[in-house]
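Heads up, the thing below is written out as structure tokens.
The values are calculated or read from the model by the stated rules, or taken from the named source; none is laboratory data. Only a predicted model underlies this, so the values are computations on that prediction, with no experimental measurement involved. Every residue, glycine as well, gets a Cβ built from its backbone with ideal geometry; the counts of neighbours run over all protein chains shown. Areas reflect the complete protein model, heavy atoms only, side chains present, ligands, DNA and RNA absent. Shrake-Rupley method; radii C 1.70, N 1.55, O 1.52, S 1.80 Å.
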Amino acid sequence: MMKKILLFFILGVLLPACLLGGCGRKMRGSVEVANVEKKEEDASKDKTDKGKKTALSEGEKRRLTRGDLYVEAGELAGYASDFSLSYDAESEQMIYSLKMPQIPESDDAYLYLFALSCYENEETPGGYPAAFGPKGTECQISFSYEEEYLFQQFVPALLLEGKYVPVGDGIYLSNPEELADNQEEYPQLESKKGLLLDPTMLGTEELTDLGVKHAIYNIPLSAIMGETADETFPTITYTYQGTDYLFNGAAINGYDGLFTYLTDLGMCSTAIVLNDWNDDYIEMIHPQARDNTSGASYYMFNTAEEKGVKELEAVASFLAERYSDGKHGMVYSWVIANEINQFRTWNYMDTNDVTYYAQEFEKAFRIFYQAVKRRYAGAKVYFSIDHDWNSNKGDNRIYFNARDLIEGINQAALKHGNYDWGIAIHPYPNPLTRVNYWSQEYDKTQEAQTLSIMNLNVLTDFLGQEEYLDTKGKIRSITITELGFSSKFGQKLQAAAFAYCYYITEANPYVEAFIMNRQTDAPEEMVQGLSFGIYEYDHSEKFLKEIFCNIDTEQSEEYIDFMLNILGAGSLEEALSWAQ
């Protein structure tokens, strides 16, 4: 959308028992039990305590081996259904289950589970299974949790003619929050008022007087990854799965100070993780995005190669651990990447295929989601879109329609198990310089070209469809992480635009917060006619400041008539009805 400043802040330096069913219909041939037992024995030795074999009699083994019917290997994919994988805190076991209409014949009596990373081929699982149990029409396999399983999908397979053949899609752990030490709920604040902060105003009354409840900061990965020569804040070594990863101690100290400060002020902090170009960590960038002449600000995360995926898991784990227990401040919400439908600029990948793009992004997003929820059960994790809902007329060369992208991400997520992703939206007016956004007509159907605060129902109606509901059957969390109105056409008009937007947001039960862009005017935006700040560039106050300070207090009623007069509405109820 518009060029955003990477916020480097200075607070120190830089800132995984079946119900046996079937009566046996067809037997293709006898099975050499000795060979089957040898395979079971080998797998058991190599995966000690990864799965518990249910004691089966020889008769049960023979019956399950021959099954109810013979299914060709090429027809087994998708044979099973109703997959689930959860962690049971009481037993400290992973519990996997699936259903099959009948028991297929195979080389032995068992169903096997393979733990695969997102870059590995689900269709040809190799190595030893992570767990196994007797085949059945309703299968349940319990096994011990290992930390590496957090980011792995479990693929069910049968041994057929000496090869493991999948019978369904891989599925990830559905409730990583059960593993979290921090089981606190997401904070329920009395206000949705948020702000993109000016780092130069931290610790001053220019910030504390505003009564901000939600704050947001960027974490560009190039700022935190790698060594530092600073003796005061030395390099941080983080060991993940036996490998050491280095983080810039000075930069991390800056974020520690920032998030501690915001937490102490009672603010709900949101962090945006951005994958910018870094020659020293090129493996973090997807192989189809490695073009630093693209003009992009940020790039698609690497989910295609082992090294990149492991590094991504390490980064996600490090950040989630550090900012989930309060010792270094709390981050309550995470936004992964920026305006990902605008892929040419904000999440570059060399493709026009929105389905493929969505699949690759969803892999990276799930890594962050699993890491964050593993540490803080109440955290919210979002991906970011802008206002281009359905405007590209099928031309994906420059950007994707947000609607198409959400559809692709949801399909990719459901394939491997639903989870509670959310959407961080930037519903700017069109054009961005428009301030009296209430004065234009809005399409409130799914065919709308753009989304704004006036037709946000388009998004909530879309997410209200059954296939888009979260794991509890509810509409997903939405947060406005960037939206502002310029004072170029008058400070009172800007103030009225903000007030109206706040009241609309406050009345919308699906919106978590309204984070305004920004505390102080930014020169690179000002030249585009976008003076979004509460303060001028020289830190002088605008008319907006008083209304921003009091919009969520008992004094807010004093400003309603002022706002309604500019809107041309007879009452707040009438004004709110325009946005319904």
For region 410-476, the Cα-Cα pair-distance distribution in 10 Å bins from 0, as whole percents, is 19, 42, 26, 12, 1
Quick query: amide H of LEU76 versus all other amide H atoms, modeled in the peptide plane; which residues come in under 5 Å with a sequence gap of 5 or more or a different chain? none
Equivalent ellipsoid dimensions for region 227-347 as semi-axes, Å, which come from the Cα gyration tensor, largest first: 25, 19, 14
I'd like the distance separating the alpha-carbon centroids of region 261-276 and region 107-143, in whole Å. 40 Å
Rounded to whole Hz, the Karplus (6.51, -1.76, 1.60) HN-Hα couplings of region 177-188, x for glycine and proline: 4, 5, 8, 6, 6, 8, 9, 5, 6, 4, x, 9
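Cα-Cα pairs above 19 Å in region 321-400: how many percent? If you can, show how the numbers build up before the last one.
Details: 1406 of 3160 pairs.
Everything past 19 Å amounts to 44 percent.
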Sorted largest first, the Cα spans of region 167-288 on the principal axes come out in Å as 54, 46, 31
Would you mind computing the Rg to Rh ratio of region 111-152 from its alpha-carbon coordinates, Kirkwood style for Rh? 0.97
Residues with amide H under 5 Å from that of CYS268, placed H, sequence gap 5 or more: HIS214, ALA215
The distance between the Cα centres of region 441-465 and region 187-227, in whole Å, is 29 Å
When the charge dipole of the chain is computed with +1 on Lys and Arg Cβ and -1 on Asp and Glu Cβ about the Cα centre, the Cα farthest towards its positive end, among PRO187, LEU564, ALA304, belongs to ALA304
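I'd like the carbon and sulfur percentage of the solvent accessible area for the chain, probe radius 1.4 Å, heavy atoms only, ligands and nucleic acids excluded.
Values: 10370 of 22880 Å².
Result for the chain: 45 percent of the exposed heavy-atom area is carbon or sulfur.
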Convex hull volume per residue in cubic angstrom - Cα atoms of region 80-218: 166 Å³
Taking N as the number of residues in region 55-119, what is its Cα Rg relative to 2.2 N^0.38 Å? 1.33
Which aspartates and glutamates, if any, have their Cα less than 15 Å from the Cα of LYS488, not counting same-chain residues under 8 positions apart? ASP521, GLU524, GLU525, GLU536, GLU541
Karplus ³J(HN,Hα) for region 219-235 (6.51 cos²θ - 1.76 cosθ + 1.60, θ = phi - 60°; Hz, whole; x = Gly/Pro) runs 10, x, 5, 4, 6, 10, 8, x, 7, 9, 8, 6, 6, 6, 10, x, 4
Within 14 Å, Cβ to Cβ, of ASP280, how many net charges do the neighbouring residues add up to if Lys/Arg are +1 and Asp/Glu are -1? -3
Can you tell me what share of the DSSP beta bridges in the chain is antiparallel? A percent to the nearest 5 is fine. 50 percent
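Can you tell me what percent of all Cα-Cα pairs in the chain are more than 48 Å apart? Show your work: numbers first, answer last.
Numbers: 31978 of 167910 pairs.
In whole percent, the share of Cα-Cα pairs in the chain beyond 48 Å is 19.
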Surface accessible to a 1.4 Å probe, per residue, for the residues of the chain, Å²: 39 Å²
With 23 Å as the limit, write out which pairs from LYS193/LYS327; LYS307/LYS363; LYS327/LYS474 have Cα-Cα distances beyond it, or answer none. LYS193/LYS327; LYS327/LYS474
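Computed over the Cα atoms of region 474-580, what is the ratio Rg over Rh, Rh following Kirkwood? Walk me through the intermediate numbers first.
Numbers: Rg = 14.2 Å, Rh = 14.5 Å.
Using only Cα positions, Rg/Rh for region 474-580 is 0.98.
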How about region 79-179: which trypsin sites (Lys or Arg not before Pro) there lie in a loop by DSSP and see at most 11 other Cβ atoms within 10 Å? none
Could you name the aspartates and glutamates whose alpha carbon sits less than 16 Å from that of LYS415, not counting residues in the same chain fewer than 8 places away? ASP82, GLU120, GLU122, GLU123, ASP169, GLU360, GLU362, GLU407, GLU466, GLU467, ASP470
Debye equation applied to the C-alpha atoms of region 144-226, log10 I(q)/I(0) at 0.19, 0.22, 0.25, 0.26 Å⁻¹: -1.03, -1.10, -1.17, -1.20
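Projected area of region 457-530, taken from the Cα convex hull and averaged over every viewing direction, in nm²? If you can, show how the numbers build up before the last one.
Details: hull surface 24.6 nm².
For the Cα atoms of region 457-530, the hull's average projected area reads 6.2 nm².
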